[in-house]
Amino acid sequence: MTKAGGVREPVQVYLDERDRALLDAVAERAAVPKSEVLRIALRRLAAELPASARPGAALASLVGALDAAAGVPADLAARHDEYLYARRAARKPARGRVRKK
């Protein structure tokens, strides 16, 4: 967090040669200090991560998760209830009382 006139807490980061070159190149292309590149990247990463506290926040990461999976019916979205409940009914024994004579 920043306050007027400066940074509140300095942080030291160790980078390998490849990451340091990338940081230098991005900072030069964006015409901002390297520290600002790191702040922007941190904020963007934080925004992309699912926020577990919000209901439904992880839904976006599930959309399309089965698109490339093998054995998934092409009409799964349209007929999801049929696939779900047909298999469940096939495994589930019939409920009912058997009367003794």
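The values are calculated or read from the model by the stated rules, or taken from the named source; none is laboratory data. Keep in mind that what you see is a predicted model, and the values were worked out from it rather than measured. Using ideal geometry, Cβ is built from the backbone for each residue, glycine included, and neighbour counts are taken over all protein chains shown.
So which residues in the stretch 20-31 are among the hydrophobic types (A, V, I, L, M, F, W, C), out of contact with any helix residue (DSSP H, G or I) (no Cβ under 8 Å at 6 or more places or on another chain) and either under 21 Å from Glu9 (Cα atoms) or surrounded by fewer than 12 Cβ atoms within 10 Å (Cβ to Cβ) (or both), if there are any at all? Walk me through how you get there before you give the answer.
At the first step, the residues of the stretch 20-31 found to be among the hydrophobic types (A, V, I, L, M, F, W, C) are 21-23, 25-27, 30-31.
This time we only want the ones that are out of contact with any helix residue (DSSP H, G or I) (no Cβ under 8 Å at 6 or more places or on another chain), so: 21-22, 25, 31.
Passing the criteria: Ala21, Ala25, Ala31.
Please verify whether the stretch 35-47 includes one or more residues that are exposed (fewer than 11 other Cβ atoms within 10 Å of the Cβ) and either modelled with pLDDT under 85 or among the acidic types (Asp, Glu) (or both).
yes
Starting from the stretch 1-27, keep only residues that are at pLDDT below 95, then list their pairs with residues that are loosely packed, with under 10 Cβ neighbours inside 10 Å and part of a strand (DSSP E or B) whose Cβ atoms are within a distance under 9 Å, requiring at least 6 positions of separation or different chains.
Within 9 Å, the pairs are Arg8/Thr2.
One residue is enough: does the stretch 66-88 have a residue meeting the conditions within 30 Å of Leu23 (Cα to Cα) and either at pLDDT below 80 or of a type in the set (Asp, Glu) (or both)?
No: the stretch 66-88 contains no residue that is within 30 Å of Leu23 (Cα to Cα) and either at pLDDT below 80 or of a type in the set (Asp, Glu) (or both).
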